[in-house]
Amino acid sequence: MAQKIAILGSTGSIGTQTLDIVSQNPNDLQVVAMSCGKNIDMFEKQIRKYKPTLVSIGTEALANDLKTRLSDMNIDVHFGMEGLIAVATCADADTVVTAVVGMIGVQPTIAAINAGKTIALANKETLVTAGHIIMPLAKEKGVSILPVDSEHSAIFQSLNGERHNEISKILLTASGGPFRGRTLEELENVKLEDALKHPNWSMGAKITIDSATMINKGLEVMEAKWLFGVNLDQVQVVVHPQSILHSAVEFMDGAVIGQMGTPDMRLPILYALFYPNRKTLYAEPLDLFKVGTLTFEKPDMETFYGLQLAYDAMSAGGNVPTVFNAANERAVAKFLNNKIKFLEIPEIVSEAMINVDFINNPTIEQVLETEQMTYDFIESRW
C-alpha cells in the first residue's frame, strides 16, 4: 500500500526533488496534498500530474485563478496560512514534507504534529525559532521528525543503532560556499550573481545566499542542537569543500561515523520518506576514485561572522534565535533585490540581535511577534 504524503512547498527546490522521487516510486508513494506560494503555472502542471485531492496557494486571488484553471478536476483549493495548515493536516496524509522556506513553516508543522503526522523536515526555521516547543510536542504526540537537510540526515544515519548519550561531538560539514578563502575586503563588493553560484549544490536563491554568508550553517547548528539533544558546544562546523562527507558523529570512545554520498538532495529526501528502509536512487553513484581527495578546514568565523552570530544567538536563547532568523530572512530579501550589499546581511542580523526586545521563553505567538518586531526594526533602519 502506497505511503501518502503532503508537500508544503511543492514548487521549490526540495518540493520538486520530492516529486521526482514520487515519480521514481509510483507504487510506493502517493501525493494527497500540496502547497505552493505563487508559481501557479508550475503548480497547475504538478497538480495535473500527481492528482492530489487538496491544494493550497499563497493568496485568495491566486486561489480563484487556480480554481478556474482546475475546473475540470475535483480539487479542494485553499490559500494562505489556513491553506498551509489544511495541507499539513490532510486526513489522508501519513507524512508531511515541510519544504517551505522561512518561518511560514512553523504553524503548519505544529498543526501536522498535533494531527499525528510523521514530519520529513526540510524547513530549518521551524526548529531554529520554535525548537523548544516543537521537540517536546513531537515527543508528547509520539511523532517522528525525520531530517531532510543533507547534513542532518547524515547525522541521523550515523546515529542508527547508537546511543545518543555516547555522542562526544557532531561534525557538521560545510562546503564553504562560493566565497571560501576570501577576506572581508574581497567580499566588500561581491555581486548578487556571484553569491548565487554555489560550487556543489543546486538550491533555491535564499538558501544559496545563506550558504555564501555561512548563516545557513549557523541555522543548521541550531537545528542540530534541537534534533539530536546535544549542547551547543558539541556541534563543530567543519569546512569540507568537496561536499562528499555530509556530516559525521564522534563518539566518546573516539570513533567517528559519517555518511558519504554525491551532493544530491534526493538522497536524504528518499531516506526520510522510506525510513527505516532504503530504496534505490536512480542517480550517479559516488565514485571515490574520481573524487580522489577529501579535505577539511576550520571555518573562518571572523570573515563569515554570521556563523559566529548563530552560536551567539543560540547561547542567548529565548527569542534571540528568532531575531537572528527573521533578520537574516529580511536582509537576504533586500540583497536579492539589490537594496543592500552582501556584507550588510550579517551587519543587519547583528544589529537586530542587539536591538529587538528579549523574551526568555517565547510562546508561538511571541515567536511570531518577535518576527514582526524584527522586520519593523529593520525597515526603520534600512
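Remarks
- Every residue from segment 208-221 that is among the hydroxyl-bearing types (Ser, Thr, Tyr) and either open to solvent by 30 Å² or more (accessible area, probe 1.4 Å) or at pLDDT 95 or above (or both): 213
- Residues of segment 361-382 that are under 15 Å from residue 131 (Cβ atoms) and more than 21 Å from the chain's Cα centre (by Cα): 361, 362, 363, 366.
- Residue 282 farther than 22 Å from residue 158 by Cα, under 24 Å from the mean Cα position of the chain (by Cα) and hydroxyl-bearing (Ser, Thr, Tyr): yes
- The set of residues in segment 180-202 being under 30 Å from residue 100 (Cβ atoms) and in contact (Cβ under 8 Å) with a residue 60 or more places away in the chain consists of 180, 187, 190, 192, 195, 200, 201, 202.
- Looking only at residues in segment 263-301 that are of a type in the set (Asp, Glu) and loosely packed, with under 11 Cβ neighbours inside 10 Å, the one that is nearest to residue 171 (Cα to Cα) is 287.
- Comparison of 205, 224 shows that the only residue that is touching a residue at least 12 places away in the same chain (Cβ under 8 Å), open to solvent by less than 10 Å² (accessible area, probe 1.4 Å) and under 21 Å from residue 126 (Cβ atoms) is 224.
- When the helices (runs of 4 or more DSSP H) confined to segment 147-239 are screened for residues that are touching a helix residue (DSSP H, G or I) at 6+ places or on another chain (Cβ under 8 Å), those reaching at least 2 such residues are found at 150-158, 192-195, 205-213, 215-228.
- Note on segment 239-265: residues that are under 30 Å from residue 133 (Cβ atoms) and in contact with a Leu (Cβ under 8 Å, 6 or more places away or on another chain) total 5.
- Filtering segment 161-186 to residues that are among the polar types (S, T, N, Q) and either under 25 Å from residue 200 (Cβ atoms) or in contact with a strand residue (DSSP E or B) (Cβ under 6 Å, 6 or more places away or on another chain) (or both) leaves 168, 173, 175, 183.
- Within segment 351-372, residues that are open to solvent by 100 Å² or more (accessible area, probe 1.4 Å) have Cβ atoms under 8 Å from residues that are of a type in the set (A, V, I, L, M) and in a helix (DSSP H, G or I) in these pairs: 357/373; 358/316; 358/320, counting only partners at least 6 apart in sequence or on another chain.
- All told, residue 260 falls short of being exposed (fewer than 13 other Cβ atoms within 10 Å of the Cβ) and touching a strand residue (DSSP E or B) at 6+ places or on another chain (Cβ under 6 Å).
- Residues of segment 123-141 that turn out to be touching a residue at least 60 places away in the same chain (Cβ under 8 Å), among the aliphatic types (A, V, I, L, M) and in contact with a strand residue (DSSP E or B) (Cβ under 6 Å, 6 or more places away or on another chain), as a count: 0
- Any hit, segment 302-320, residues being of a type outside the set (Asp, Glu), open to solvent by 10 Å² or more (accessible area, probe 1.4 Å), closer than 30 Å to residue 95 by Cβ and in contact with a helix residue (DSSP H, G or I) (Cβ under 7 Å, 6 or more places away or on another chain): yes
- Residue within segment 300-310 that is of a type in the set (D, E, K, R), assigned to a helix (DSSP H, G or I) and either closer than 16 Å to residue 125 by Cβ or out of contact with any strand residue (DSSP E or B) (no Cβ under 7 Å at 6 or more places or on another chain) (or both) present: no
- Condition check for residue 117: farther than 24 Å from residue 210 by Cβ and either open to solvent by 10 Å² or more (accessible area, probe 1.4 Å) or touching a helix residue (DSSP H, G or I) at 6+ places or on another chain (Cβ under 6 Å) (or both): yes
- Within segment 25-70, if we keep just the residues that are within 15 Å of residue 97 (Cβ to Cβ) and in a helix (DSSP H, G or I), the residue that is least open to solvent (accessible area, probe 1.4 Å) turns out to be 46.
- Qualifying residue in segment 130-143 (condition: over 30 Å from residue 372 (Cβ atoms), part of a helix (DSSP H, G or I) and either of a type in the set (S, T, N, Q) or open to solvent by less than 20 Å² (accessible area, probe 1.4 Å) (or both)): no
- Filter result for residue 332 (at pLDDT 95 or above, within 16 Å of residue 370 (Cβ to Cβ) and touching a helix residue (DSSP H, G or I) at 6+ places or on another chain (Cβ under 6 Å)): no
The values are calculated or read from the model by the stated rules, or taken from the named source; none is laboratory data. Being a predicted model, the structure only gives us computed values, none of them experimental. Neighbour counts run over all protein chains shown; Cβ positions are idealised from the backbone, glycine included. For accessibility, only protein heavy atoms count, side chains too; no ligands or nucleic acids. Shrake-Rupley method; radii C 1.70, N 1.55, O 1.52, S 1.80 Å.
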